[in-house]
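This is the structure I have questions about; it appears just below.
Nothing in this text is a laboratory measurement; each read-out follows from the coordinates by a stated rule. All of these numbers come straight from a predicted model, not from anything done at the bench. Note that each Cβ is placed from the backbone with ideal geometry, even for glycine, and that neighbours are counted across all protein chains shown.
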Amino acid sequence: MRLRRVLAVIGVVVLLLCTVCAGAGVWIWNAQVISTADEVDFTRPLAVPPLAPSRMEAGRRVFDLKAQAGQHDFGRGATPTWGFNGDFLGPTLRATRGEQVVVNVTNALDQTTTVHWHGMHLPAAADGGPHQLVGSGRTWSPTWLVDQPAATLWYHPHLHGETAGHVYRGLAGLFLVDDPATSVDALPHEYGVDDIPLIVQDKKFESGGKLDDSSSFLGGVGVLGDTIAVNGTVGPYLDVTTERVRLRLLNGSNARSYDFGFADDRRFALVATDGGLLASAYDTDRIMLSPGERAEIVVTVKAGERAVLRSYPQDLGTGPFGRFTGGADTLDVLQLRAAGTLAPRPAVPQQLVEVPRLDRKDAVQERPFKMSGHAINGKQMDMTRVDAAPERGSVEIWKVVNNDGTPHNFHIHDVQFQVLTVDGDAPPPQLSGWKDTVYLPANVPYELIMRFSDYEDADTPYMFHCHVLYHEDSGMMGQFVVVPPGGKPGVIDHASHLAHGGRH
Ligand code: C2O
Ligand code: CU
Ligand code: CU
C-alpha cells in the first residue's frame, strides 16, 4: 500500500515537472518571435541624412567628419547616442569617380575609434580598419582616388573588439559613389526627393530610454532589437511625390537580417546591390539583406495610396533555431504616403549597365574560408598575422562556407567580388552583381571571385570577416595584404599604431 502511494506521488510530481518544463519550452520558443505587422503607428516623418558639405582644396574634394556624443529622440525621451557631425548616424558623403577625396575624421569622443569605408576600393592605409586608430582628440585624414562603379557604400567604426558597440550607439553613415558611365538616368536620382537612403537598424531600450546593448537570449549573434529605426526615425513615414521612388536600403544592424517586401506583396525592381547597378533589373517581391549589405530598389506607387515596407520571416538556413536569431520576426519598417498627384517618372529599363564578368580561368589562386565557432579556418583574429597575400592585379577565388548552425555572412575589404557559384550552381539574380558582403546559410558553399587591382602594401592589412558585429568582435576576422607580383607580406606592427593613437 505504502509503496503504491509513494509511486503515485512520484508519478504526479514527475508529471507536474514535465508539464512545467514543456510549458517553459513552449513559452521560450514562442517568446523568440516578434511581430509588429500593422502595429506600428507611422507618425514621424522619415529623417533623411543631409548630404555632407565638401570643398575643393588643391584639386581634392575635402569632407569633415566628427565623431561625437549626443542625445537622440527615439520616442523614449533623450537617449544617449553617438553620431558624426550630429547626435546620431552621420551625413551622406557623395563623390564622383575620378575625384581624389580627403576626409578629415576628428574624434571628439572620450575613447579611440576608427572609421572604415565599407565597400570602397582604396589603399589599405586609408581603409580605416582596426590598424588605423583615431585616438580621442585626434584627427585622421585619409585620402584616395574614387575609382569604382556608382554605388551605395557606407562608413562605420572598426575598432577591434568594439565595433558592435560603436555602431550600435550610432556611428554609421552612407557614402554614395557617382559615375555617369555606370548609372542609368532613367532611374530616380534626386537625393531626398525620389532617391531615398534608408539605414535600417533594430534597437532595444532599457526602461529609462537608454539603448540596451545586451545580447539576446539563446541567439548567439549579439543584440537583436524589437524596435526598428530608419535613419534614426522610429515609426517613420515618407511623403512620396513621384510615381516611382528609389530606396537605397542599408542593413546597418549589428546582427539582424531582413527580408524586405511590402505589406501588400507588391513587386518592385531590384536595380543595385552592394557595389553598383545590376546588369538587368530584377522584378521581385522580396530582398534579403544581412548586416552590412545594401540594395537599391525602385517601387511604383499610385496617387493617394499608402504602402508599408516590411521585413518578413525568412529562412536563415540555420535550421529550426533560426527563430532565436530573428528569422521568424515580422517587422514593419516604413510607410510610403503617396501624394494626390504624382510627378511622372520613366519606367525602369530592363537593361541597366554592363557588369563585366570575372572569369574562373583568370583566377590564379583559390583559398578556402571555413566559418565556425567565432573563427575562420579555425583561427581567431590576430592583429599581427597575415592570412592571405594576394598579388596586385591577380584574380582569386575564395571558397567560403558557414560550417555552423549560426547565421554568418562574409565581407571583404577593398574589393567588390562576384558570386561565381552557390552550391555549385550559378547565383540567383540578387547575387548576380557586385557584392562586398554575402549571407551564408549553413553548409552551403559559395565561390567568390575578385580582382585585387591596385594598391599593393605588404605592411598594411585589409580585413575579411563575418559582419555580424558580435562575431567580428569575438575574432571571426582575418587579414590580407596585397603584395606586388612575386612579393611577400611584410611585418604587421600594431604596437606602433597603438602608441600614436592614430595620426594627425
Ligand atoms: Cu562594414 Cu570590415 O566592415
Ligand atoms: Cu568593410
Ligand atoms: Cu557570424
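L153: net charge of surrounding residues, Cβ under 10 Å, Lys/Arg +1, Asp/Glu -1, itself excluded?
-1
Hey, with R₀ at 51 Å, roughly what FRET efficiency would N104 and R5 work out to, going by the Cβ-Cβ distance, to 0.05?
Working from the Cβ atoms, E equals 0.05.
Quick one: net charge of S216's neighbours, Cβ under 15 Å, K/R +1, D/E -1?
-2
For a bin width of 5 Å, list the pair-distance distribution of segment 195-343 built from all Cα-Cα distances, rounded to whole %.
All Cα pairs, binned at 5 Å, distribute as 2, 9, 18, 22, 19, 14, 9, 5, 2, 0 percent.
Please state, as a whole number in µm²/s, the translational diffusion coefficient that the Stokes-Einstein equation yields for segment 360-500 at 4 °C and 1.567 mPa s, with Rh defined as the Kirkwood radius across alpha carbon pairs.
84 µm²/s
In addition: For Cα pairs less than 8 Å apart in space and 6+ apart in sequence, what is the mean separation divided by the residue count of segment 114-264, i.e. the relative contact order in percent?
Rounded, it is 20 percent for segment 114-264.
Now for a separate question. Only Cα pairs under 8 Å and at least 6 apart count here; give the relative contact order of segment 360-500 as a rounded whole percent.
Computed over segment 360-500, the figure is 32 percent.
Around L352, which amide H atoms from residues at least 5 apart in sequence, or from another chain, sit under 5 Å from its own amide H, with H modelled in the peptide plane?
Sorted by chain and number, the residues that satisfy this are S280, A281.
Now a separate question. Residue farthest toward the positive end of the dipole of the chain, with Cβ of Lys/Arg at +1 and Asp/Glu at -1: which of A37, L247, Y258?
So the residue furthest toward the plus end is A37.
Return, for the Cα atoms of the chain, the radius of gyration and Dmax in Å, separated by a comma.
My reading of the Cα-based Rg and Dmax gives 23.6, 100 Å.
Beyond 21 Å, what percent of the Cα pairs of segment 300-425 remain?
The share of Cα pairs beyond 21 Å in segment 300-425 comes to 65 percent.
Using 32 Å as the Cα-Cα cut-off, could you pick out the over-long pairs in K361/K488; K370/K488; K210/K302?
K210/K302
Something else now. Would you calculate the volume per residue, in Å³, of the smallest convex hull containing every Cα atom of segment 48-182?
Per residue, the Cα convex hull of segment 48-182 comes to 104 Å³.
So between E206 and T284, what do we pick up on full extension, going 0.36 nm a residue minus the alpha carbon distance?
That pair, E206 and T284, stretches by 24.3 nm at full extension.
Between D264 and R385, with labels modelled 7 Å along Cα→Cβ, what's the label distance in nm to one decimal, could you check?
Reported label-point gap for D264 and R385 is 5.4 nm.
Further question: Could I have the simple spin-label model distance between A31 and E366, label points 7 Å from Cα toward Cβ, reported in nm to one decimal?
4.7 nm
Give me the net charge for the shell around G487: Cβ to Cβ below 14 angstrom, other residues only, Lys and Arg +1, Asp and Glu -1.
Its environment carries a net charge of -2.
Mean projection of the alpha-carbon convex hull of segment 1-118 over all orientations, in nm²?
Directional mean of the projected Cα hull area for segment 1-118 stands at 15.5 nm².
Right, here's the next one. Determine the dipole magnitude for the chain: charges of +1 sit on the beta-carbon of Lys and Arg, -1 on that of Asp and Glu, nothing else is charged, the reference point is the Cα centre, and the result goes in debye to the nearest 20.
For this selection, approximately 1080 debye.
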